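Novice: Let me give you the structure first, and then I'll get to my questions.
Quick note: the coordinates plus some simple rules give every number you see, no bench work behind them. Here the structure is a predicted model, which is why all the values come from computation and not from measurement. Counting neighbours? That spans all protein chains shown, and the Cβs are built from the backbone with ideal geometry, glycine included.
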Amino acid sequence: MNSLEPTALRGRRRALGLTQAELADQLTVSANTVARWERGELRIGGLGLMRLAKRYGPERLTAACQRARATGGNSYTSVDAILKHDLDR
């Protein structure tokens, strides 16, 4: 996907045969977040996540995202704090 425009995101998700809830689960965000991305109400913060992945590695980032989601902290700030305090281990 070359673009993160709402229609491109929706089209790619559908092409993969995923529901919003399934995509949300894979990305460790809420289904509401995916819906808001697709409506253009919320921008995808990929740059911040890419920086975290580069700094901490993809395994730790994934673990931190999962922990954030489990504790209701579905935000970049939550994931960043989990990583900074080594709470992903």
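Novice: Could you check the stretch 26-84 and list, in sequence order, the residues that are in contact (Cβ under 8 Å) with a residue 40 or more places away in the chain and either farther than 22 Å from Leu16 by Cα or assigned to a helix (DSSP H, G or I) (or both)?
Specialist: Correct list: Thr33, Gly46, Ala68, Arg69, Asn74.
Novice: Quick one: which of Gly57, Gly17, Gly48 is out of contact with any Lys or Arg (no Cβ under 7 Å at 6 or more places or on another chain) and exposed (fewer than 11 other Cβ atoms within 10 Å of the Cβ)?
Specialist: Among Gly57, Gly17, Gly48, only Gly17 is out of contact with any Lys or Arg (no Cβ under 7 Å at 6 or more places or on another chain) and exposed (fewer than 11 other Cβ atoms within 10 Å of the Cβ).
Novice: Still on this structure: Over 15 Å from the mean Cα position of the chain (by Cα) and outside any helix (DSSP H, G or I): is that true of Gly17 in this structure? Full working, then the answer.
Specialist: On the way: over 15 Å from the mean Cα position of the chain (by Cα): yes; outside any helix (DSSP H, G or I): yes.
So Gly17 fits the description; yes.
Novice: Here's a follow-up. Do we find a residue being of a type outside the set (Asp, Glu) and exposed (fewer than 13 other Cβ atoms within 10 Å of the Cβ) anywhere in the stretch 60-70?
Specialist: From the stretch 60-70, those of a type outside the set (Asp, Glu) are 60-70; that's our starting set.
Filter once more, so that each one left must be exposed (fewer than 13 other Cβ atoms within 10 Å of the Cβ): 70.
So far as the stretch 60-70 goes, yes, one or more of its residues are of a type outside the set (Asp, Glu) and exposed (fewer than 13 other Cβ atoms within 10 Å of the Cβ).
Novice: Now a separate question. Filter the stretch 44-79 for residues that are over 12 Å from the mean Cα position of the chain (by Cα) and charged (D, E, K, R); which is farthest from Ala24 (Cα to Cα)?
Specialist: Checking each candidate, the answer is Arg55.
Novice: For the subset of the stretch 20-43 comprising residues that are of a type outside the set (A, V, I, L, M), closer than 29 Å to Lys84 by Cα and surrounded by 15 or more Cβ atoms within 10 Å (Cβ to Cβ), which member is nearest to the chain's Cα centre (by Cα)?
Specialist: Thr28
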